[in-house]
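Chemist: One structure coming up, written as structure tokens, with questions to follow.
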Amino acid sequence: MRKLIWVLAQIVWLALCLAALIGAYKGYRGVSDWQVEEGLGFEMVALSFPASFIVVAGVMLTGMLLGLFGLALPVSSKPEMMATWLLFVVAGYVQWFIVVPRIPRWWRGTKQKQYPDA
């Protein structure tokens, strides 16, 4: 039963992420629709919080480093929006479904090392 709930949680989270992308994709009105992209960005920041801050910091750092060489991040477009969405999805999935489940095991292991007779 626990495994079923866990799989269902993953499906629901991925469905929410996909719904956000589909909504943004359908609402995209032109070559560069920064309002739709910004809305999708906020949705993905919420869905993958707090790992989303790592993604945002990484994109900002990449933009700054590219600027040092006279380059820039891709201009706003549907493919750019989808690539950014994918970064948030990967970060959120790793956070919620790989790292967070391991925290209780890690916590129990450190307590057992700290108090071996307990």
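The values are calculated or read from the model by the stated rules, or taken from the named source; none is laboratory data. Not measured: the values here are computed from a predicted model. Glycine gets a Cβ as well: all are built from the backbone with ideal geometry, and neighbour counts include every protein chain shown.
Chemist: G70 passes all but one of (1) part of a helix (DSSP H, G or I); (2) on the phi > 0 side of the Ramachandran plot; which number fails?
Modeler: All conditions pass for G70, except number (1).
Table: residues versus (1) under 24 Å from P101 (Cβ atoms); (2) modelled with pLDDT under 95.
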| residue | (1), (2) |
| --- | --- |
| L4 | yes, yes |
| E37 | no, yes |
| P50 | yes, yes |
| F69 | no, yes |
| L73 | no, yes |
| E80 | no, yes |
| A83 | no, yes |
| V90 | yes, no |
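Chemist: Further question on the same structure: Within segment 17-39, can you find the residues that are in a helix (DSSP H, G or I) and exposed (fewer than 14 other Cβ atoms within 10 Å of the Cβ)?
Modeler: Answer for segment 17-39, where residues must be in a helix (DSSP H, G or I) and exposed (fewer than 14 other Cβ atoms within 10 Å of the Cβ): L18, A19, I22, K26, G27, W34, Q35, E38.
Chemist: Do the conditions hold for T84, that is, is it polar (S, T, N, Q) and loosely packed, with under 13 Cβ neighbours inside 10 Å?
Modeler: Considered against the rule, which asks whether it is polar (S, T, N, Q) and loosely packed, with under 13 Cβ neighbours inside 10 Å, T84 comes out as no.
Chemist: When you look at V56, is it surrounded by 14 or more Cβ atoms within 10 Å (Cβ to Cβ), outside any loop (DSSP other than H, G, I, E, B) and within 14 Å of the chain's Cα centre (by Cα), yes or no?
Modeler: In short, yes.
Chemist: Can you confirm whether V45 is over 14 Å from W96 (Cα atoms) and surrounded by 11 or more Cβ atoms within 10 Å (Cβ to Cβ)?
Modeler: Taking the combined requirement at face value, the residue does not satisfy it.
Chemist: Then there is this: Taking interchain pairs and intrachain pairs at least six residues apart, which have beta carbon atoms under 6 angstrom, with the first residue in segment 72-99 and over 15 Å from Q35 (Cα atoms) and the second among the charged types (D, E, K, R) and surrounded by 14 or more Cβ atoms within 10 Å (Cβ to Cβ)?
Modeler: P74/E80
Chemist: A further question follows. Pick from segment 1-60 the residues that are polar (S, T, N, Q) and in contact (Cβ under 8 Å) with a residue 40 or more places away in the chain: which of them is farthest from V94 (Cα to Cα)?
Modeler: Applying the filter and picking the extreme gives S32.
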